[in-house]
Each structure stands twice: as structure tokens, then as C-alpha cells.
1. Take peptides 5-16, 53-64 and line them up by average Cβ neighbours within 10 Å, highest first, as a rough protection proxy.
2. What is the percent carbon and sulfur in the accessible area of the chain, measuring with a 1.4 Å probe over the protein chains and ignoring ligands?
3. Could you report the chain's accessible area per residue, 1.4 Å probe, as an integer in Å²?
4. Explain nothing, just the number: dipole magnitude of the stretch 9-49 about its Cα centre with +1 on each Lys and Arg Cβ and -1 on each Asp and Glu Cβ, in debye rounded to the nearest 20.
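The values are calculated or read from the model by the stated rules, or taken from the named source; none is laboratory data. These numbers were taken from a predicted model, which means no experiment stands behind them. Quick reminder, even Gly has a Cβ in these numbers, built from the backbone with ideal geometry, and neighbours come from all protein chains shown. Accessible surface areas use protein heavy atoms only, side chains included; no ligands, DNA or RNA. Shrake-Rupley method; radii C 1.70, N 1.55, O 1.52, S 1.80 Å.
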Amino acid sequence: MGKTLIHLIRYFLGLEPADSQTTDAERLALSRHAKGRRRVAEIGVYEGLTSALLLRAMPTDGTL
């Protein structure tokens with residue numbers, strides 16, 4: 001737990017990037033599938049890295 005707590009603090013202070021439970025290849029595939037979609041559902045969010053990626057792939061008026 002200590003390492004996780006330290007990361008969390010450093011993350012919120014902007015000293016470390018968000019972690020993800022997905023691989024680069026998985027995020028690339030998710031981005032491709034979300035591109036141009038007006039609605040995307042994500043089940044479970046860790047630190048929001050994948051959510052941000054999905055939002056960037058979607059139209060600005062899309063709903064995540």
C-alpha cells in the first residue's frame with residue numbers, strides 16, 4: 001500500500017503521470033474504436049488515462 005499511496009500523492013501533485021491497467025496496444029485499439037463515436041461507455045476507471053484517450057478520440061460534443 002505504501003508504494004500506491006506515494007504514487008497517488010505524487011500523481012495529484014502533478015509529479016507523476018497517471019497509471020493504466022491497459023497496455024499501449026490495448027489503448028491504441030480502444031482509441032481506434034472510439035474515433036468518431038458520439039457515445040462511448042467505459043466500465044471502471046483507474047486514474048483516468050484511458051478515459052482521457054477516449055475523449056480525445058471522440059467528437060467534442062460526444063458523451064463518455
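1. Working: 5-16: 11.2, 53-64: 14.0.
Descending packing order for the listed peptides: 53-64, 5-16.
2. Details: 3040 of 5140 Å².
Of all accessible area on the chain, carbon and sulfur atoms account for 59 percent.
3. That works out to 80 Å² per residue.
4. Dipole of the stretch 9-49, to the nearest 20 debye: 400 debye.
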